[in-house]
Amino acid sequence: MRGKAAGLVVIGDRPLVAETPESLLDDDTTPTARFFIRNNGLLPERTRRPEQWKLTVDGEVEQPLSLSLAELKSNFKPVTRCLLIECGGNGRAFFSPRAKGVQWTHGGAGCPEWTGVRLAEVLKAAKLKPGALFSGHYGADPRVSGSSKKPTMSRGVPIRKLLDDSNMIAWAINGEPLPLLHGFPLRLVIPGWPASISTKWLTRIWIRDRYHDGPGMGGENYRVPVKPTQPGASSDLANLVDLESMPVRSIITRPADTARFAAGTRAIDLRGAAWAGDHRVARVDLSIDGGASWQPADPEPLRNPHDWQRWTARLEFPSDGYFEIMTRATDERGVSQPYAVTHWNPHGYGGNPMHRIAISIG
Ligand SMILES: Nc1nc2c(c(=O)[nH]1)N[C@H]1C(S)=C(S)[C@@H](COP(=O)(O)O)O[C@H]1N2
Ligand SMILES: [Mo]
């Protein structure tokens, strides 16, 4: 299977879910074969006429649209951007007691280069009515049960987020048509918030005059407590709100966990990535003494908004031996990562503890 060949770790097989080990996220632009996979249903059949694939934009609009992929390509200006998307459950494996759902560690995220059109341009052509409040996104994937009566998942966002200039309707990843696994022939890419809103095999964007009520909305779905919950307690639905911007996170992508260095090595070069949902990353710090002291990493320039923040660092080591290296990012608001996850919630959303690797010298 592709995932195995590329080194992805399969953490669910029906539906298929696979995460990327941190050391395989070392490329500035995530190669498609190393990009995580999160399906909630079955794969739709691969269309033989992708250019005729239809996208409908309807609901609270003056001008409902039904556009083929060929029309999207010719009627709007194509754009190419590096956008990070991250599963809302990334980090779930760090909750204790265990939270319900696929046990992601830090690998449910990646930053490939997408090509498509600006979602905002298409919405402009549809002319939103003043009553437009929320979106509802639909894809063509059948449910795991095989039933196609209800969509597998249909999530949406408030209009203020839908209109974010970074959002795209994409047909290509890293210069190639989307693979079927990642939404061929058309998908949404809405960075910053849980990637479940970045609908694959996209068929419809329904503009709504109220909060969207598709499968995957409401209840405990993608919701986190306002008042902190005792770990393991059952949830009080009235205390939950939608998880919007994803929290700050960082990973070390070089060296790999358990790397060994020759005796006498006194400096090691590190590389990594950090991101913080809709916020900018203000700094990344590294520690080799369990957080007793920290050293700053050097950020690389961002290529566009919602790009991940690549960083490098050179760390000095006082002696040979075994060391654990920790990374901690801080966002522009001053919010940084905890040592261990707090804010327990039944589905384990937003778990962003610091990433650590172990290395040995000599
Ligand atoms: N139609 C559809 N779109 C979907 C999903 C899905 O199951 N069906 N999964 C969502 C979730 S939960 C995530 S995290 C991302 C994963 O995108 P990827 O598989 O391309 O990495 O797709 C989102 N889009
Ligand atoms: Mo997800």
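The values are calculated or read from the model by the stated rules, or taken from the named source; none is laboratory data. Here the structure is a predicted model, which means the values were calculated and not measured. Positions of Cβ are backbone-derived with ideal geometry, glycine not excepted, and every protein chain shown enters the neighbour counts. Side chains are part of the model used for accessible areas, which takes the heavy atoms of the whole protein and leaves out ligands, DNA and RNA. Shrake-Rupley method; radii C 1.70, N 1.55, O 1.52, S 1.80 Å.
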message = With every protein chain kept in place and ligands, DNA and RNA left out, what is the accessible area per residue of the range 249-361? Probe 1.4 Å, answer in Å².
response = 44 Å²
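Of 104, 294, which has the most accessible area and how do the rest follow, probe 1.4 Å? Provide the component values of the computation, followed by the final result.
Values: 104 0, 294 65 Å².
Greatest to least solvent exposure: 294, 104.
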message = Compute for the range 249-361: radius of gyration divided by Kirkwood radius, i.e. Rg/Rh, restricted to C-alpha atoms, rounded to two decimals.
response = 0.99
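Just to make sure I understand: if all protein chains stay in place, what is the order of 124, 161 by accessible area at 1.4 Å, largest first? Please list the in-between numbers first.
Working: 124 145, 161 5 Å².
Correct descending sequence by accessible area is 124, 161.
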remark   = Per the charge dipole of the chain (beta-carbon charges, Lys/Arg positive, Asp/Glu negative, Cα centre), the residue among 273, 185, 44 reaching farthest to the positive end is 44
task = Rank 195, 214, 8 by how far each Cα sits towards the positive end of the charge dipole of the chain (+1 on Lys, Arg Cβ; -1 on Asp, Glu Cβ) and give me just the farthest.
result = 214
inquiry  = Report the Rg/Rh value for the range 292-333, based on alpha-carbon coordinates and the Kirkwood definition of Rh.
reply    = 1.05
ask   = How big is the range 248-287 in terms of Cα radius of gyration and Dmax, in angstroms?
value = 13.2, 43
remark   = Here the FRET efficiency for residue 317 versus residue 6, based on Cβ atoms and R0 = 25 Å and rounded to 0.05, is 0.20
message = Quick check: Cα centre of the range 129-199 to Cα centre of the range 247-314, how many Å?
response = 31 Å
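If you place +1 on the Cβ of every Lys and Arg, -1 on the Cβ of every Asp and Glu, and leave all else neutral, what size is the dipole of the chain about its Cα centre, to the nearest 20 Debye? Display every interim value, and only then the final one.
On the way: 45 positive and 38 negative charges, 208 e Å.
Approximately 1000 debye in magnitude.
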note = Distance in nm between residue 96 and residue 263 label points, each 7 Å along Cα→Cβ, equals 3.6 nm
inquiry  = Under 10 Å, Cα contacts only: if you run a Gaussian network model on the chain, which one of 76, 95, 36 comes out with the highest mean-square fluctuation?
reply    = 76
note = The orientation-averaged projected area of the Cα convex hull of the range 2-242, in nm², is 13.5 nm²
